[in-house]
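Undergrad: Before we start, here is the structure in question, set down as structure tokens.
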Amino acid sequence: MQQNFFNISEKVQSAADKAMESLKGRFAEVDEITEYNQQKVLSAFIKNNVSESMFQESTGYGYGDRGREVIDKVFADIVGAEDALVRHNFTCGTHTLAVALYGMLRPGDVMLCVTGTPYDTIHSVIGIDGKGDGSLADFGVIYKQVDLKDNKPDLEAIKEAVSGEKIKLVYIQRSRGYSLRPSLSCEQIGEIVKIVKENSDADVMVDNCYGEFTQTIEPTQVGADIIAGSLIKNAGGGIARTGGYVAGRADLVEKISYRLTTPGLGREVGATLGMSRELYMGIFFAPHTVGEAIKTAIFTASLFERFGFGTTPKSTEPRFDIVQSVLLNNEENLIAFCQGMQSGAPIDSFVTPEPWDMPGYDSKVIMAAGAFTGGASIELSADAPLREPFAVWMQGGLNFHSAKTGIMLAAEKMAERGLI
Ligand SMILES: *Cc1c(COP(=O)(O)O)cnc(C)c1O
């Protein structure tokens, strides 16, 4: 053996080696999905004649920017949708989801979320928190929710809710986000869509954050009318420095484009400012990067199961997002995990994360992130609220080998403190 750059102990190294040995079959499955998705992406580039001239920047209004026009077609082809908007002007996932919702919903419309309480940052968009600050509620959009049953979509209750009154938009969250429920497969989303379409004329929107390229199909291919997500997660491949996308039915994408800019202007404006190259390159890298992130998540589960910790999903379970949670049982473990992971980050490795009172949380939170792009969670990152069930949520990994090292260092820090 050559140099042990990180002084990994025998204990952690041998557990990691055993994990790797046990995961060969799983990794081969991930590679198959990656290869399929990579071919899908490559063929969309070729079909749309993507050329170097499309990387040129536009300024000002950005009229007739070919790079901007064609990337929408490329992305629509990849996800099997009629149309798409891929823009650096979407500032994050929450903003993208909000623009989509404001674009599609009108005063008096009912929005029905059928996967329980949505992701935290969407609460203010919907107006669940009741603040009169321009939320959907403020504009007269009515919000309703069908809770999960046994951590799964309650198909009976969904059927009842959509047949009972006129629903404009059914909203589905694919990823677990920062909860402990399983992520939804496209097949499960398809079942929900079928029930909605058979019993109402509601449109279906999917929050696709963290889900892209984890399977060989996307929710648009099982009947979802609109999907949306962030480009500093899966769909930007770790290359895009900002942005978001929506894709789906052409009439809805057009409405959303009027909200992104203005009625009348829609998608015809929007200077690309030299961003096109990295958005194309990000989409090109996305299938591979997502594969690396999924391998990282599976490895993490397997490694920590070996040290006796609970994991969701388990290393053997299927996954439809890139998020992994590990139940670390107490504060010391959470802190050691995050500090160890941080010490293996390519950026800011010298920083020691400490628990802090993050706005909007009722307990202290500790995080690990050392990313090329600020806050990009397609890069290896973790956060953990210091409260029951003392779980850390981790995701990302630009390449498996570096991310695996980060995870091993998380375990190493725990070993060093005598916690495992
Ligand atoms: C990350 C995420 C969001 C919000 O995205 P931001 O980019 O953090 O604003 C919404 N929903 C889900 C499921 C997410 O994972």
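Here's the yes/no breakdown for (1) within 22 Å of the chain's Cα centre (by Cα); (2) assigned to a helix (DSSP H, G or I):
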| site | (1), (2) |
| --- | --- |
| Thr289 | yes, yes |
| Ile298 | yes, yes |
| Gly308 | no, no |
| Ser315 | yes, no |
| Arg319 | yes, no |
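Undergrad: Any chance you could count how many residues in the stretch 362-420 are of a type in the set (Ser, Thr, Tyr) and closer than 22 Å to Asp17 by Cβ?
TA: Summing the residues that are of a type in the set (Ser, Thr, Tyr) and closer than 22 Å to Asp17 by Cβ in the stretch 362-420 gives 2.
Undergrad: Ok, one more. Any chance you could count how many residues in the stretch 368-384 are surrounded by fewer than 22 Cβ atoms within 10 Å (Cβ to Cβ), more than 22 Å from His288 (Cβ to Cβ) and more than 13 Å from the ligand (Cβ to nearest atom)?
TA: The number of residues fulfilling the criteria is 0.
Undergrad: Among the numbered conditions (1) within 16 Å of the ligand (Cβ to nearest atom); (2) of a type in the set (A, V, I, L, M); (3) free of Cβ contacts under 8 Å to residues at least 40 places away in the same chain; (4) closer than 21 Å to Ala271 by Cα, tell me where Ala100 comes up short.
TA: In the conditions (1) within 16 Å of the ligand (Cβ to nearest atom); (2) of a type in the set (A, V, I, L, M); (3) free of Cβ contacts under 8 Å to residues at least 40 places away in the same chain; (4) closer than 21 Å to Ala271 by Cα, Ala100 misses (3) alone.
Undergrad: Oh, and also: Please find, among Leu386, Leu334, Leu380, the residue that is of a type in the set (A, V, I, L, M, F, W, C) and under 21 Å from Arg26 (Cβ atoms).
TA: One residue alone meets the criteria, Leu380.
Undergrad: In the stretch 110-141, what count of residues is obtained for those that are over 24 Å from the mean Cα position of the chain (by Cα) and surrounded by fewer than 17 Cβ atoms within 10 Å (Cβ to Cβ)?
TA: Counting residues in the stretch 110-141 that are over 24 Å from the mean Cα position of the chain (by Cα) and surrounded by fewer than 17 Cβ atoms within 10 Å (Cβ to Cβ) gives 8.
Undergrad: Another question, if that's okay. Restricting to the stretch 395-415, what's the tally of residues that are more than 12 Å from Pro346 (Cα to Cα), small (Gly, Ala, Ser) and either surrounded by fewer than 24 Cβ atoms within 10 Å (Cβ to Cβ) or free of Cβ contacts under 8 Å to residues at least 24 places away in the same chain (or both)?
TA: 1
Undergrad: Oh, and also: Kindly establish whether Phe337 is in contact with a Leu (Cβ under 7 Å, 6 or more places away or on another chain) and closer than 20 Å to Thr405 by Cβ.
TA: So Phe337 fits the description; yes.
Undergrad: I'd like to know if the stretch 223-235 contains one or more residues that are of a type in the set (Lys, Arg), outside any strand (DSSP E or B) and away from the ligand (no atom under 11 Å from the Cβ).
TA: No, every residue in the stretch 223-235 fails to be of a type in the set (Lys, Arg), outside any strand (DSSP E or B) and away from the ligand (no atom under 11 Å from the Cβ).
Undergrad: Tell me which of these Leu184 doesn't satisfy, since it passes every other one: (1) at pLDDT 95 or above; (2) surrounded by fewer than 24 Cβ atoms within 10 Å (Cβ to Cβ).
TA: Of (1) at pLDDT 95 or above; (2) surrounded by fewer than 24 Cβ atoms within 10 Å (Cβ to Cβ), only one is false for Leu184: (2).
Undergrad: For Val114, state whether it is among the β-branched types (Val, Ile, Thr), touching a residue at least 24 places away in the same chain (Cβ under 8 Å), within 14 Å of the ligand (Cβ to nearest atom) and under 24 Å from Ile192 (Cα atoms).
TA: no
Undergrad: Here's something else I'd like to know. Quickly run through the stretch 236-255 and pick out the residues that are over 22 Å from Phe400 (Cα atoms), more than 14 Å from the ligand (Cβ to nearest atom) and crowded, with 24+ Cβ neighbours inside 10 Å.
TA: Within the stretch 236-255, Ala247, Gly248, Val253 meet the criteria.
Undergrad: Looking at the stretch 9-26, can you tell me whether even one residue there is surrounded by 14 or more Cβ atoms within 10 Å (Cβ to Cβ), free of Cβ contacts under 8 Å to residues at least 40 places away in the same chain and of a type outside the set (Ser, Thr, Tyr)?
TA: no
Undergrad: For Ala76, are the conditions met, namely being more than 14 Å from Val125 (Cβ to Cβ) and either buried (at least 24 other Cβ atoms within 10 Å of the Cβ) or away from the ligand (no atom under 14 Å from the Cβ) (or both)?
TA: Yes.
Undergrad: Sticking with this structure for a sec: What pairs come up if the first residue lies in the stretch 65-87 and is among the basic types (Lys, Arg), the second is surrounded by fewer than 20 Cβ atoms within 10 Å (Cβ to Cβ) and in a loop (DSSP other than H, G, I, E, B), and their beta carbons are under 6 Å apart, counting only those six or more places apart or on different chains?
TA: Listed pairs, sorted by first residue: Lys73/Asn48.
Undergrad: Ser325: farther than 24 Å from Asn7 by Cβ and hydroxyl-bearing (Ser, Thr, Tyr), yes or no?
TA: Yes: the conditions hold for Ser325.
Undergrad: Within the stretch 396-418, identify whether any single residue is within 23 Å of the chain's Cα centre (by Cα) and either on the phi > 0 side of the Ramachandran plot or within 16 Å of the ligand (Cβ to nearest atom) (or both), and answer yes or no.
TA: Yes - at least one qualifying residue is present in the stretch 396-418.
Undergrad: Does Thr91 fit the bill of being surrounded by fewer than 20 Cβ atoms within 10 Å (Cβ to Cβ), within 10 Å of the ligand (Cβ to nearest atom), modelled with pLDDT under 95 and not basic (Lys, Arg)?
TA: No; evaluated as a whole, the condition is false for this residue.
Undergrad: If Gly62 satisfies every condition in (1) assigned to a loop (DSSP other than H, G, I, E, B); (2) within 16 Å of the ligand (Cβ to nearest atom); (3) touching a Lys or Arg at 6+ places or on another chain (Cβ under 8 Å); (4) not acidic (Asp, Glu) but one, which is the exception?
TA: Condition (2) is where Gly62 drops out.
The values are calculated or read from the model by the stated rules, or taken from the named source; none is laboratory data. What you see is a predicted model; the values in this text were computed from it and never measured. When we count neighbours, we look across all protein chains shown, and the Cβ atoms used for this are built from the backbone with ideal geometry, even at glycine.
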